[in-house]
Structures are given as structure tokens and as C-alpha cells.
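Visitor: Pasting a structure below so you can have a look.
The values are calculated or read from the model by the stated rules, or taken from the named source; none is laboratory data. Everything numeric in this text was worked out from a predicted model, so none of it was measured. Cβ placement follows ideal geometry from the backbone for every residue including glycine, while neighbour counts extend to all protein chains displayed.
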Amino acid sequence: MAQLLEKPKPQRRQSTQDRFTELGQKDPVDQCEFFLKSFIFALGDQWQDVPRLCTEFQKHAKNTGDSSQNMNHIQAADFLQKHGKTRTGIQRKHEVEDVDINSDGRISFIEYLILHYKAMILGEYYKRHEKEPLEDLSLDGVGITEVGAKLLEELFSMPAGLSPQLEEALETFAAEKKARQKKVDELTAKAEAGGVKGMAARQELRILESGDETETNKLELTLAAAKRKAQKTSGAEAVKNLKEEKEKAAKADADARRAKMKARAAMFDKGGAVAPKA
């Protein structure tokens, strides 16, 4: 008798929380890239603040703790306050705890971002669902907690109009940023070691850092151009779709009128009467 083959077990679908935890374990620049892909249009001209926040987040984490990848709750609360998000001590404590989605006592950059941009993300969530916000978003999300599910759902909902060209520009931007940071880290380590090589590394580091803003600005200009093109294309497609929908509606209406007239004509023909003109 042939041996029965075991039916393969269905793979468990990865939950949104699992995806978020996995994202939080990546390089902060990769987290930055993902956030930009999701909210590049919602951020408007403020999108450039996100890469700068990423750099400052890593510096603050390294200067005040033992890692440049994430922070403890106290570091994160301090970083939040220093970046214009004024709250009381107890509000900061509760809100930081609220975005520690995997409850590991650490705040990754993506966790910080959903706190920093909480009001914007919730606004986008309710706009997409065509509902009025249940929370008061007028105070930049101050004091709002227990909205993690909404924040994660919106984070993983990619916007309409995100073209392959814009995605590629964001990926290039992130890759260049990581490569530059890696070079800075290597030179910093050599400089700290001292000696002749250390002096040479310090000189190279100064040259690299002096050109950092120019390179960043060049990358940002490239990305901004791709964003404008995507928005223009998205807008043109929206107009085209609206026109097509109107044409379809008009055709359906005309077809319905013709069918009605045909039915009336058939009814009159059957009764021996002449159908009136429309």
C-alpha cells in the first residue's frame, strides 16, 4: 500500500507586529527608507527632516548609551523633548512605553518615528478609512496612547502613486547614506587609535565631513525631483481615471435610455400602436 503523503502545513502569515519587530532590527537607515516610502507624500516638504532625524538619533544613542542602533526609554524621552515634542515627564514616559511595540525596553528608530509623527500617521489612517478621528489630533498627538494597531496598519499601507522610480531614488538615497556612515565609522575608529595612521584618518574624516552636506543636498535634490515627477504622474493618472469613469457613466446612462426606448417600442409594436418619439 502506497504511503500517504503528508499534507504540507500552511505557513503562518506574518503578523503586522512581527513585521514591525523585524523592521526595527534592521539598520536605522533602512528603517528611515521604509518610513519615507510609506509617508513620502504625507510628509510634503518635511520629508527631509526624517533622514536628519535618523543621523541625530544614531548620534544621540551612541553619545548617551551603548548602541547607535536604538535607545532605552529615558534616552528616547530626552531625544523626543529635544526635538520639539514638548510633553510632561509622565506623558513622555507613557508615550515612549506605548511605542515599544515588542516590549523589549529599547526604542528602535522606527518606533521613535511612529511616536514623533503620531498625529500625522493617525490623520492619514482616518483619511484612508474616510472616518473622523476618534482622538484629538490638534495638539500633535500629545497624551495619545493605545493606538499602536492604527499606527502599524498605516505604516504598512503603501501610498498610491509610489512609482518604481521614486522607490529606486529612496533606495539609492539610503544606500549612499549607509555607505557614507560606514566610511565615517571606519575613519573614526582609526583616528581614535592614534599614531600616524590616526592623524591621516582624522584629516580624511575632516575632508569627508566637509563634503557631507554637499553630497546630501545632491542626493536630496535627486530624490525631490523623483518625488515631484511621481506626484505629477499620480495627478495626471487621477484626472485620466476620473475622465474614464465619467465616460463609462455617460455610456451606461445612454445604454440604459436606449434599452428603455427599445422596450417601449416593443411594447407598442405588440399592442399595435405606434411608439411616440423620444
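Visitor: If we scan region 244-251, do we find a residue that is surrounded by 10 or more Cβ atoms within 10 Å (Cβ to Cβ) and modelled with pLDDT under 60? Walk me through how you get there before you give the answer.
Guide: Here is the first cut: in region 244-251, the residues surrounded by 10 or more Cβ atoms within 10 Å (Cβ to Cβ) are 244-251.
Those left that are additionally modelled with pLDDT under 60: none.
No.
Visitor: Take region 24-57 and flag every residue that is β-branched (Val, Ile, Thr) and within 11 Å of the chain's Cα centre (by Cα). Let's see the steps before the verdict.
Guide: The initial filter retains those residues of region 24-57 that are β-branched (Val, Ile, Thr), namely 29, 40, 50, 55.
Those that are β-branched (Val, Ile, Thr) and within 11 Å of the chain's Cα centre (by Cα): 40, 50.
Visitor: Could you check region 133-234 for helices (runs of 4 or more DSSP H) lying wholly inside it with 1 or more residues that are within 20 Å of the chain's Cα centre (by Cα)? Even if it seems obvious, please write down each step before you answer.
Guide: On the way: elements: 148-155, 164-193, 195-210.
Once the helices (runs of 4 or more DSSP H) in region 133-234 are filtered for at least 1 residues that are within 20 Å of the chain's Cα centre (by Cα), what remains is 148-155, 164-193.
Visitor: Being under 23 Å from the mean Cα position of the chain (by Cα) and surrounded by 17 or more Cβ atoms within 10 Å (Cβ to Cβ) is the filter here, so list the residues in region 80-91 that pass it.
Guide: Residues satisfying the conditions are 80, 85.
Visitor: Sticking with this structure for a sec: Got at least one residue in region 70-79 being loosely packed, with under 14 Cβ neighbours inside 10 Å and in contact (Cβ under 8 Å) with a residue 12 or more places away in the chain?
Guide: So far as region 70-79 goes, no, none of its residues is loosely packed, with under 14 Cβ neighbours inside 10 Å and in contact (Cβ under 8 Å) with a residue 12 or more places away in the chain.
Visitor: Can residue 121 be described as part of a helix (DSSP H, G or I), surrounded by 14 or more Cβ atoms within 10 Å (Cβ to Cβ), touching a residue at least 24 places away in the same chain (Cβ under 8 Å) and of a type in the set (Val, Ile, Thr)? Steps first, please.
Guide: Numbers: part of a helix (DSSP H, G or I): yes; surrounded by 14 or more Cβ atoms within 10 Å (Cβ to Cβ): yes; touching a residue at least 24 places away in the same chain (Cβ under 8 Å): yes; of a type in the set (Val, Ile, Thr): yes.
Considered against the rule, which asks whether it is part of a helix (DSSP H, G or I), surrounded by 14 or more Cβ atoms within 10 Å (Cβ to Cβ), touching a residue at least 24 places away in the same chain (Cβ under 8 Å) and of a type in the set (Val, Ile, Thr), residue 121 comes out as yes.
Visitor: Kindly indicate which of 115, 137, 23 is aliphatic (A, V, I, L, M), in contact with a helix residue (DSSP H, G or I) (Cβ under 6 Å, 6 or more places away or on another chain) and crowded, with 21+ Cβ neighbours inside 10 Å.
Guide: On the way: 137 fails: crowded, with 21+ Cβ neighbours inside 10 Å; 23 fails: crowded, with 21+ Cβ neighbours inside 10 Å.
Going through 115, 137, 23 in turn, the sole match is 115.
Visitor: Filter region 92-112 for residues that are crowded, with 17+ Cβ neighbours inside 10 Å, in contact with a helix residue (DSSP H, G or I) (Cβ under 7 Å, 6 or more places away or on another chain) and of a type in the set (D, E, K, R) and give the result.
Guide: Residues of region 92-112 that are crowded, with 17+ Cβ neighbours inside 10 Å, as a first pass: 92, 95-96, 98-101, 106-112.
When the remaining residues are screened for being in contact with a helix residue (DSSP H, G or I) (Cβ under 7 Å, 6 or more places away or on another chain), the result is 92, 95-96, 98-101, 107-112.
Scanning region 92-112 gives 92, 95, 98, 100, 111.
Visitor: Listed residues 258, 264, 228; which is at pLDDT 75 or above and outside the structural domain of residue 171 (by TED's automatic domain parsing)?
Guide: Values: 264 fails: at pLDDT 75 or above; 228 fails: outside the structural domain of residue 171 (by TED's automatic domain parsing).
Just one listed residue meets the conditions, 258.
Visitor: Only residues that are out of contact with any helix residue (DSSP H, G or I) (no Cβ under 6 Å at 6 or more places or on another chain) and over 20 Å from residue 176 (Cα atoms): list them for region 198-209, please. Full working, then the answer.
Guide: Quick first cut of region 198-209, residues out of contact with any helix residue (DSSP H, G or I) (no Cβ under 6 Å at 6 or more places or on another chain) only: 199-200, 203, 206-209.
Result: 199, 200, 203.
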